[in-house]
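The values are calculated or read from the model by the stated rules, or taken from the named source; none is laboratory data. It should be emphasised that the depicted structure is a prediction, and the values quoted were computed from it without experimental measurement. Quick reminder, even Gly has a Cβ in these numbers, built from the backbone with ideal geometry, and neighbours come from all protein chains shown.
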Amino acid sequence: MTRFLVRRISLIVVTLLVVSTAIFAITEILPGDVAQMVMGQGATEQNLKHIRETLGLDRPAPVRYLDWIGGVVRGDMGHSFVQKIPVTEVIEPRLANSLILAAFAFLVAVPSAVAIGVWMGVRQGSKTDHAVSVGSLVAISLPEFVTGVLLIIVFSSFLGWLPSSSAILPGTSPLTRPLILVLPTLTLTGVLFAYIMRMTRANVIEVLNTQYVRTAVLKGLPMRRVLLRHVVPNAMLPTISVIAVNMGWMLGGLIIVENVFAYPGLGQLLLTAINTRDVPLLQTLALIIAGTYALSNLVADLSYGALDPRIRLT
Amino acid sequence: MATTTTVMLETTTAADGAEQPLLKVDGLSVTFFTPTGAVHAVRDASFEIKRGEVVGLVGESGCGKSTMAYAIMGYLPGEPEVGGAVYLDGQDMAELGPAELRALRGNRVAMVYQDPALALNPTMKVGLQILEAISEHLTLDAAQAAERMAELIESVGLPDPERIAESYPHQLSGGQQQRIVIAMALACDPDLLLMDEPTTGLDVTTEATILDLVADLKGRVNAGILYVSHNLGVVARIADRVVVMYAGQTVEEAPVRDLFKDPRHPYTVGLLSCVPKPVADTGAVTRLQSIRGSVFPSAQSDPGMCLFSDRCPMATDRCTSEAPTPASVSDSHESRCFYPDDVSTDLWDELVEREAPHENGKEPTLTVKGLHRVYGKWQRKYLFFGPKVKPPVRAVENVDFEVGAGRTVGIVGESGSGKSTVARSIVGLVPRDEGDLELRGEDLPAEADERNADQKASLRMVFQNPTSSLNPKLPVRHNILRPLQKFTDMTASEREERACELLESVGLDASYMDRQPLQLSGGQQQRVALAAAFAGDPELIVADEPVSALDVSVQAQVLNLLEDHQREKGTSYVFISHDLGVVRYVSDEIVVLYAGHVAESGPAEDVLSTPSHPYTEALLSAAPVPDPDATPTPIRLGGSVPKQHEQFKGCFFASRCPRKIGDVCDNTPPPLQTSPGSPTHEIHCHIPLEELARLQDSSVATLG
């Protein structure tokens, strides 16, 4: 187990290194210039040169990369080119906001998707099952920016129940105005819910046809017990990895949803960082996203090992 | 609800007295409706089971045996049409509501399944799975229930109940898993125990111990047992009465002795003739009989005729125009045949004497010298550093044998003995670490890729499961033409012609060329696989359990085909099987493998008679014989083949040997002994051969 953890965590570190190099390389290739972005169109050559020197952009790329990565190892993520303050300070409040939104979406989507998936698996072929199947396919097919806008049209413009914008003043927590979280959460939930629901349903149907479920039924157990003790635990095994993969998906969704609803989270920040070529900020955000993705996969593997006694993590 | 049912059922029993059978199946029929039409799985089945009685239910696959068992449980998929009735203690099961049925299941009627690995929940500790059945039906507090669970585990012969209860199914061996399933079935002292092929997937040694357990249960619990099996030997060993099913009908029912000694239905005689029996005292070896054709299709409705008439050698016009009903032959013997008195045991053609075994005059076709194969490497404690903690997995060590031209070498052993690794090494599917293979005295490269076309064509393989070894997406034609194309320089039309000949030689006509493998029955598929193996005129065919997945009647056809081909072409066979009866029947020489080591090898008759290696002795003792009078020898092997990464300091068999003599077995590798009368008969054992022979002869060793 320790061996497994040590190995996986070192692998995550390697992954992050590769990601950071790739991101750095990509920002090098991207057209546009940080100094130009910072100074605006009217900047003179002199000014640009000065900016480049202060930001250290005149040095060769490998040197800048090593310099940056050396800082990261010491816990110094560098300064934002644009805002001129430490990257950590820029990210901190945004990270909290994003985590709140993601947690809401996760807590709404996963339990309800599993519950409804089990129910539809048991009632396979019924009218409700067909209706839910079609609904979930629609949810999967629609991208977040479409569902988000649809929800705004219905609930804000038409019904007027919920705010269409989720913008909040800097320094305030979205929890003080919980209503603004409803539509972003629903939008994020849509795809996540549909995927997990369909997966759970398929697994439940498969497990219901196994011989050990037959054994449980012929033991004389009531159906509720057969479901809770025999079907659901086994059906959850493959579902867990889907949930983990969907965590990554949700991060992508966050970027879109936050921009649609003007919600001040990491996604919005990421877009700003790309637009302004704010490399240190971009690097850090990329590392956070990649790290979350890798960690959620690790958590999935660990819970898989905990749930399935046949799997030994080595 | 549960209590009401029990009370009601008990009153019924009391009112009707002791005469009433425990289970009465009366004219049961089960019809499933599928998109392709109605399937008559059970057509007209009637029989009874009394308390304390074991009733064997036999027949080929597709005869409705399992459907019958599940119909008794009231558990049938879909919404089949059920006719007739099933009475438990006089209670019509069809009248029970869902809750009453549930109160009955696992409580008064319990079931044991074919594949224990699949029948147990993989993510739940086995103790808990037993406990569930107890607490669902019995009113016990937690401590009492736990105590009962421990008792149950102990009562099915598992040591250390606490440890076992805390295990997950995958941590137990197949035999242990089946014992847990049996313990689960016994949880509430059932009145009726339904066992659906409970030993079919197990090793012969494990099967013997499970059968002992069932026989022991018969004396201990006052339950009626329905034992479903395709294996007549198993049924002969444990059943009191036997019911034979054919195409969904019960065709014969008799006490076990009567059924085996005096069968009165042609189908029963056919089934008995298909089984390779130990060589009779007279020494006359007879060719296996097979029942031509296949089971009357369950999709066809009852045409008002004897369903067996199309396969029956004594069918008359009456048989095809009128449906027979079960008629009494004697008090306890019924047969669904118009002419039960004309049925005799040599009904199935004349018994043909087999030709004498081939002489081993020429040089051997294949020589295996010191074959050695391990999988994996030493594992260290920390990935690449630290002490070596886990040795590589041993598959075979130092296996030597020769296959003479036109002769058959049988390889036997439990699962994990290395049989399949030997087979795969010969055809070059696994690289071997050490040891040499020679084909006709010439060195043979280890891997198939390094062999030339001639060598590949000379060595062909037939696998256990034809359904998965034939490509399901390609027609039969492709499966046979492909080797012809690879291994011969025939023109396309010659190949086509040859393929038809090959199909005919395995008893299939040319119309099968364009069928898809999945449209064929298991026996037909295996015959196609044989035709494909014969295609390049190989000198040696490695057959890995080629008949294990087949019904006895089909098994006989396949064995006869192999034999005919050998006589005609002089092909050599390496024949792997766990069924000693089959190996005994086909082999000229036998190699007994245990944990990757050769325990004993030599001419078939010598290996199977005393003196033999204690492991061979145990295998022989475990093998079920289709003769209720056979006195089973009491040698049983506990445990299972040692873990494959254990290293042996002494004798590889020491941990399970019933004849272990002491420390020498644990500490010194056994010497090779050769019997004086037969120089090629070799035994690896510390016990001197004279001593072995004396011990074995004195322990009622009626080894055929």
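Yes/no per residue for (1) out of contact with any helix residue (DSSP H, G or I) (no Cβ under 7 Å at 6 or more places or on another chain); (2) under 26 Å from A:SER296 (Cβ atoms):
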residue: A:ALA113; (1), (2): no, yes
residue: A:GLY117; (1), (2): no, yes
residue: A:SER126; (1), (2): yes, no
residue: A:ILE140; (1), (2): no, yes
residue: A:GLY148; (1), (2): no, yes
residue: A:SER157; (1), (2): yes, no
residue: A:LEU162; (1), (2): no, no
residue: A:SER166; (1), (2): no, yes
residue: A:THR185; (1), (2): no, yes
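State all residues of the stretch B:75-88 that are crowded, with 17+ Cβ neighbours inside 10 Å and either at pLDDT below 90 or in contact with a Phe, Trp or Tyr (Cβ under 7 Å, 6 or more places away or on another chain) (or both); if no residue qualifies, say none.
Across the stretch B:75-88, the qualifying residue is only B:PRO80.
Search the stretch B:468-479 for residues that are on the phi > 0 side of the Ramachandran plot and at pLDDT below 90 and pair each with any residue that is in a helix (DSSP H, G or I) and surrounded by fewer than 17 Cβ atoms within 10 Å (Cβ to Cβ) when their beta-carbon atoms are under 7 Å apart and the residues are at least 6 apart or on different chains.
Pairs found: none.
Quickly run through the stretch B:155-194 and pick out the residues that are away from chain A (no Cβ under 11 Å), under 22 Å from A:ARG214 (Cα atoms) and without any contact (Cβ under 8 Å) to a residue 24 or more places away in the chain.
B:GLN176, the sole residue that qualifies.
Take B:PRO387 and decide whether it is surrounded by fewer than 15 Cβ atoms within 10 Å (Cβ to Cβ) and either acidic (Asp, Glu) or farther than 23 Å from B:ALA595 by Cα (or both).
For B:PRO387, the condition - surrounded by fewer than 15 Cβ atoms within 10 Å (Cβ to Cβ) and either acidic (Asp, Glu) or farther than 23 Å from B:ALA595 by Cα (or both) - is met.
Got a sec? Which of B:SER301, B:SER330 is within 14 Å of B:PRO263 (Cα to Cα), surrounded by fewer than 15 Cβ atoms within 10 Å (Cβ to Cβ), in the same structural domain as B:VAL42 (by TED's automatic domain parsing) and touching a strand residue (DSSP E or B) at 6+ places or on another chain (Cβ under 9 Å)?
Sole residue among the options that is within 14 Å of B:PRO263 (Cα to Cα), surrounded by fewer than 15 Cβ atoms within 10 Å (Cβ to Cβ), in the same structural domain as B:VAL42 (by TED's automatic domain parsing) and touching a strand residue (DSSP E or B) at 6+ places or on another chain (Cβ under 9 Å): B:SER330.
Condition first: outside any strand (DSSP E or B), under 22 Å from B:TYR615 (Cβ atoms) and modelled with pLDDT of 85 or more. Can you find one or more residues in the stretch B:401-414 that meet it?
For the stretch B:401-414, residues outside any strand (DSSP E or B), under 22 Å from B:TYR615 (Cβ atoms) and modelled with pLDDT of 85 or more: present.
Quick one: is B:GLY106 more than 24 Å from the chain's Cα centre (by Cα), at pLDDT 90 or above and surrounded by 24 or more Cβ atoms within 10 Å (Cβ to Cβ)?
Considered against the rule, which asks whether it is more than 24 Å from the chain's Cα centre (by Cα), at pLDDT 90 or above and surrounded by 24 or more Cβ atoms within 10 Å (Cβ to Cβ), B:GLY106 comes out as yes.
Before we move on, is A:PHE4 under 26 Å from A:TRP249 (Cβ atoms), within 14 Å of chain B (Cβ to nearest Cβ), of a type outside the set (Val, Ile, Thr) and out of contact with any strand residue (DSSP E or B) (no Cβ under 9 Å at 6 or more places or on another chain)?
On the way: under 26 Å from A:TRP249 (Cβ atoms): yes; within 14 Å of chain B (Cβ to nearest Cβ): yes; of a type outside the set (Val, Ile, Thr): yes; out of contact with any strand residue (DSSP E or B) (no Cβ under 9 Å at 6 or more places or on another chain): yes.
The answer is yes for A:PHE4.
With the stretch A:195-314 as the region, which helices (runs of 4 or more DSSP H) entirely inside it contain at least 3 residues that are within 21 Å of A:ILE12 (Cα to Cα)?
On the way: elements: A:211-218, A:232-260, A:266-275, A:279-307.
Of the helices (runs of 4 or more DSSP H) lying wholly inside the stretch A:195-314, those with at least 3 residues that are within 21 Å of A:ILE12 (Cα to Cα) span A:232-260, A:279-307.
Taking B:ASP115, is it touching a residue at least 60 places away in the same chain (Cβ under 8 Å) and out of contact with any helix residue (DSSP H, G or I) (no Cβ under 8 Å at 6 or more places or on another chain)?
It is false that B:ASP115 is touching a residue at least 60 places away in the same chain (Cβ under 8 Å) and out of contact with any helix residue (DSSP H, G or I) (no Cβ under 8 Å at 6 or more places or on another chain).
Sort out for me the helices (runs of 4 or more DSSP H) sitting completely within the stretch B:594-704 that have 2 or more residues that are of a type in the set (S, T, N, Q) and in contact (Cβ under 8 Å) with a residue 12 or more places away in the chain.
Details: elements: B:604-607, B:614-622, B:663-667, B:689-698.
Hits in the stretch B:594-704: B:614-622.
Need at least 3 residues that are farther than 22 Å from B:SER66 by Cβ and touching a Leu at 6+ places or on another chain (Cβ under 7 Å) per element, so show me which helices (runs of 4 or more DSSP H) inside the stretch B:193-270 make the cut, counting only ones lying wholly within it.
Those helices (runs of 4 or more DSSP H) do not exist here; none qualify.
Quick one: which residue in A:ILE240, A:ILE289 is crowded, with 18+ Cβ neighbours inside 10 Å and either within 14 Å of another protein chain (Cβ to nearest Cβ) or under 24 Å from A:LEU151 (Cβ atoms) (or both)?
Exactly one of A:ILE240, A:ILE289 is crowded, with 18+ Cβ neighbours inside 10 Å and either within 14 Å of another protein chain (Cβ to nearest Cβ) or under 24 Å from A:LEU151 (Cβ atoms) (or both), namely A:ILE240.
Residues checked against (1) crowded, with 17+ Cβ neighbours inside 10 Å; (2) within 14 Å of another protein chain (Cβ to nearest Cβ):
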site: A:LEU175; (1), (2): no, no
site: A:LEU188; (1), (2): yes, no
site: A:ALA194; (1), (2): yes, no
site: A:ARG201; (1), (2): yes, no
site: A:LEU221; (1), (2): yes, yes
site: A:LEU228; (1), (2): no, yes
site: A:VAL231; (1), (2): yes, yes
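Sort through B:GLY602, B:GLY596 and tell me the only one that's among the small types (Gly, Ala, Ser), modelled with pLDDT under 90 and in the same structural domain as B:ASN465 (by TED's automatic domain parsing).
Just one listed residue meets the conditions, B:GLY596.
State all residues of the stretch B:442-475 that are under 31 Å from the mean Cα position of the chain (by Cα) and farther than 16 Å from B:ARG424 by Cα; if no residue qualifies, say none.
B:PRO466, B:THR467, B:SER468, B:LEU470, B:ASN471, B:PRO472, B:LYS473, B:LEU474, B:PRO475
What are the pairs with Cβ atoms under 6 angstrom where one residue, in the stretch B:292-318, is without any contact (Cβ under 8 Å) to a residue 24 or more places away in the chain and more than 14 Å from B:GLY64 (Cα to Cα) and the other, located anywhere, is of a type in the set (S, T, N, Q) and surrounded by 13 or more Cβ atoms within 10 Å (Cβ to Cβ)? Sequence gap at least six, or different chains.
B:MET305/B:THR320; B:SER309/B:THR320; B:ALA315/B:SER309
Does A:SER157 qualify as being more than 14 Å from every other protein chain (Cβ to nearest Cβ), free of Cβ contacts under 8 Å to residues at least 12 places away in the same chain and hydroxyl-bearing (Ser, Thr, Tyr)?
Working: more than 14 Å from every other protein chain (Cβ to nearest Cβ): yes; free of Cβ contacts under 8 Å to residues at least 12 places away in the same chain: yes; hydroxyl-bearing (Ser, Thr, Tyr): yes.
Yes; evaluated as a whole, the condition is true for this residue.
If you check B:LEU152, B:LEU128, which single one turns out to be surrounded by 22 or more Cβ atoms within 10 Å (Cβ to Cβ), without any contact (Cβ under 8 Å) to a residue 40 or more places away in the chain, more than 8 Å from every other protein chain (Cβ to nearest Cβ) and assigned to a helix (DSSP H, G or I)?
B:LEU152
Got at least one residue in the stretch B:386-399 being under 23 Å from B:THR206 (Cβ atoms) and either acidic (Asp, Glu) or assigned to a loop (DSSP other than H, G, I, E, B) (or both)? I'd like the intermediate steps shown before the answer.
To start, the set of residues in the stretch B:386-399 that are under 23 Å from B:THR206 (Cβ atoms) comprises B:393-396.
This time we only want the ones that are either acidic (Asp, Glu) or assigned to a loop (DSSP other than H, G, I, E, B) (or both), so: none.
No: zero hits.
Identify the residue in the stretch A:203-219 that is closer than 19 Å to B:ALA183 by Cβ and either buried (at least 22 other Cβ atoms within 10 Å of the Cβ) or touching a residue at least 12 places away in the same chain (Cβ under 8 Å) (or both) and, among all such residues, is farthest from the other protein chains (Cβ to nearest Cβ).
Top of the filtered list is A:ALA216.
May I ask you to verify whether A:LEU254 is within 26 Å of A:LEU181 (Cβ to Cβ), out of contact with any Asp or Glu (no Cβ under 8 Å at 6 or more places or on another chain), buried (at least 23 other Cβ atoms within 10 Å of the Cβ) and more than 14 Å from chain B (Cβ to nearest Cβ)? Please lay out each step first, then the result.
Details: within 26 Å of A:LEU181 (Cβ to Cβ): yes; out of contact with any Asp or Glu (no Cβ under 8 Å at 6 or more places or on another chain): yes; buried (at least 23 other Cβ atoms within 10 Å of the Cβ): yes; more than 14 Å from chain B (Cβ to nearest Cβ): yes.
In short, yes.
Every residue, every condition in (1) in a helix (DSSP H, G or I); (2) in contact (Cβ under 8 Å) with a residue 24 or more places away in the chain; (3) in contact with a His (Cβ under 7 Å, 6 or more places away or on another chain), yes or no:
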residue	(1), (2), (3)
A:ILE12	yes, yes, no
A:VAL18	yes, no, no
A:GLY42	no, no, no
A:GLN46	yes, no, no
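Any residue that is in the same structural domain as B:LEU562 (by TED's automatic domain parsing), aliphatic (A, V, I, L, M) and in a loop (DSSP other than H, G, I, E, B) - is there at least one of those in the stretch B:475-497?
So far as the stretch B:475-497 goes, no, none of its residues is in the same structural domain as B:LEU562 (by TED's automatic domain parsing), aliphatic (A, V, I, L, M) and in a loop (DSSP other than H, G, I, E, B).
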